[in-house]
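Everything below concerns the one structure shown next.
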């Protein structure tokens, strides 16, 4: 998969049709110790696929491949889709129950109406139930649907991972303090809490994957007022940008944030 400077890759990631296209993907490593590039590849693709709308959101077009169609190709199934006015996500799991079976709670990043984007700007620090202070907009979005999500997670018997791109990564990190998973993998996530909040995740493996020129990973600014920081470890992706056409294609600081380009710049995670 090549790096893509198109505006569609940045603003309409769900319009892609190349999800999970590795010829021979290596199985997910449930018991991986530390950051695992294979797991990052799987979770990056899930974080990209969650942007695709289908019948669960009123998109029912003949010949249009749904999220479930893409998941089935790699032995995964969407058990439940979560949605409210400003947050969407899904619980995905393997169809089998082998030793490498797993489940993933996947959050979608910001899309759609203006009100969704305004939550990103509501960065006033506020108290978080697990400790510390967090971005008020992110807290508001997650807590509106958390009881529903938490009730579903009570039924999960497989090792559970959280993931998401951009805002979705921030929500995955917040959720990990309320119900710790096996690990959290975020892609292009912004800062969402202070150092005290970050300390509440000291017992949870959190891996923040960054593309080198992704501007969102530097937001909100880590100034005196917010003192926001990233919780967990930072993993810098490989950098190999392609030349692009000015104006007609997205500049690197935006293209670097595209979900597709997180998968594209990950270390090789399959044996083809």
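Could you grab the pairs with beta carbons closer than 8 Å, sequence gap of 6+ or different chains, first residue in segment 208-237 and on the phi > 0 side of the Ramachandran plot, second one assigned to a loop (DSSP other than H, G, I, E, B) and at pLDDT 90 or above?
Listed by first residue and then by second, the contacts come to 227/194; 232/201; 232/204; 232/205.
Residues that are within 23 Å of residue 136 (Cβ to Cβ) and at pLDDT 85 or above, at least 3 per element: which helices (runs of 4 or more DSSP H) completely within segment 161-272 meet that?
Those helices (runs of 4 or more DSSP H) span 167-178, 195-199.
I need a count of the residues in segment 34-64 that are modelled with pLDDT of 90 or more and farther than 15 Å from residue 88 by Cα.
So the answer is 12.
Could you please find all residues in segment 80-107 being under 18 Å from the mean Cα position of the chain (by Cα), assigned to a loop (DSSP other than H, G, I, E, B) and at pLDDT below 95?
Result: 84, 86, 87.
Among the candidates 29, 5, 24, single out the residue that is at pLDDT below 95 and closer than 23 Å to residue 166 by Cα. First the steps, then the outcome.
On the way: 29 fails: closer than 23 Å to residue 166 by Cα; 24 fails: closer than 23 Å to residue 166 by Cα.
Only one candidate passes the filter, namely 5.
Which of the residues belonging to segment 1-46 are in contact with a strand residue (DSSP E or B) (Cβ under 7 Å, 6 or more places away or on another chain), surrounded by 14 or more Cβ atoms within 10 Å (Cβ to Cβ) and in a loop (DSSP other than H, G, I, E, B)?
If the condition is that a residue be in contact with a strand residue (DSSP E or B) (Cβ under 7 Å, 6 or more places away or on another chain), surrounded by 14 or more Cβ atoms within 10 Å (Cβ to Cβ) and in a loop (DSSP other than H, G, I, E, B), then 22, 26, 35 are the ones that fit.
Considering only residues of segment 47-79 that are in contact (Cβ under 8 Å) with a residue 60 or more places away in the chain and in a loop (DSSP other than H, G, I, E, B), which is surrounded by the most Cβ atoms within 10 Å (Cβ to Cβ)?
Per the stated criteria, the residue is 50.
Give segment 191-207 a look and list any residue that's under 15 Å from residue 168 (Cβ atoms) and buried (at least 22 other Cβ atoms within 10 Å of the Cβ), or say none.
Once the filter is applied, which keeps residues that are under 15 Å from residue 168 (Cβ atoms) and buried (at least 22 other Cβ atoms within 10 Å of the Cβ), segment 191-207 yields 191, 192, 206.
The values are calculated or read from the model by the stated rules, or taken from the named source; none is laboratory data. Here the structure is a predicted model, which is why all the values come from computation and not from measurement. Counting neighbours? That spans all protein chains shown, and the Cβs are built from the backbone with ideal geometry, glycine included.
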